[in-house]
Amino acid sequence: MAAKLNSKTIGSIACSVVAGVAMAACTGPEMAPDAHIETAQDAPIKSSSRPIYLRAMKTQLATPRAGIGTLYEGTNCQPKGEVIWDDTLFRQLSHQLPKTFRRSLQRAHYRVPSDSLPAADIAGSDAARSKYVEVDMQVQEARADLCRQEEGTSGSVHMRVIWQVYSAGASTPLYETTTQGSYHAPIMETRSTADFFANAFSTALSNLLAERGFHEAVTRNSTH
């Protein structure tokens, strides 16, 4: 599959999530990427961060439908049309990505709010809010080349994600950066299109967690 992929960044749609709850449609401002990236390969993480939660998920991709690559079908993977970024795919991702975000932070030994923590506790007094870190993410670009067969799906997905890290309730970010993630399956896998995107997102998130600037932002004024 050698088709050249085009990304269309026409509009923006935003969805918010608190403590891993499924997102409902809303709107939000676009975020500008920060080209300066520092890595944190040797930075101690442990559990020194403030609790972190994914506050908002946004996209610059056109909705309700945007062609983001080539779709192939059949035994010989013949071109069949476009891979479409639409409301259905975005809704599926809005359920998957917050869970991926939470699991990845826990595995990296960052702190996340308890599942039982009411949203009101996060959005309460200034003193309570200052103990948390909010993360906004925006899918700036997505490209896909996928072949669907009866046995499953093969191909690749690439995502470019912009991140902004805030002290809870603050309007000025502590840290901004852009990371990229890809997922490639050279043979058929029994995964949905949303699964391919979720795996690419996971790689972009891992790249975020490796940045020293992110570590410093979420541990600033942390309490133990």
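The values are calculated or read from the model by the stated rules, or taken from the named source; none is laboratory data. What you see is a predicted model, and the numbers here were worked out from it, not measured in a lab. Here Cβ is always computed from backbone atoms with ideal geometry, including for glycine, and neighbour counts include all displayed protein chains. Heavy atoms of the whole protein, side chains included, go into the accessibility calculation; ligands, DNA and RNA do not. Shrake-Rupley method; radii C 1.70, N 1.55, O 1.52, S 1.80 Å.
Solvent-accessible surface of the range 134-181, averaged per residue with a 1.4 angstrom probe and all protein chains in place: 30 square angstrom. Less than 5 angstrom separates the built amide H of S49 from those of R111, all sequence-distant by 5 or more or on a different chain.
Near E189, the amide H atoms lying under 5 Å from its own belong to T153, S154; only residues 5 or more places off or on other chains count, and H is placed 1.01 Å from N. Residues of the range 72-86 with an amide N closer than 15 Å to a point placed 7 Å from the Cα of M188 along the Cα-to-Cβ direction: 72-78.
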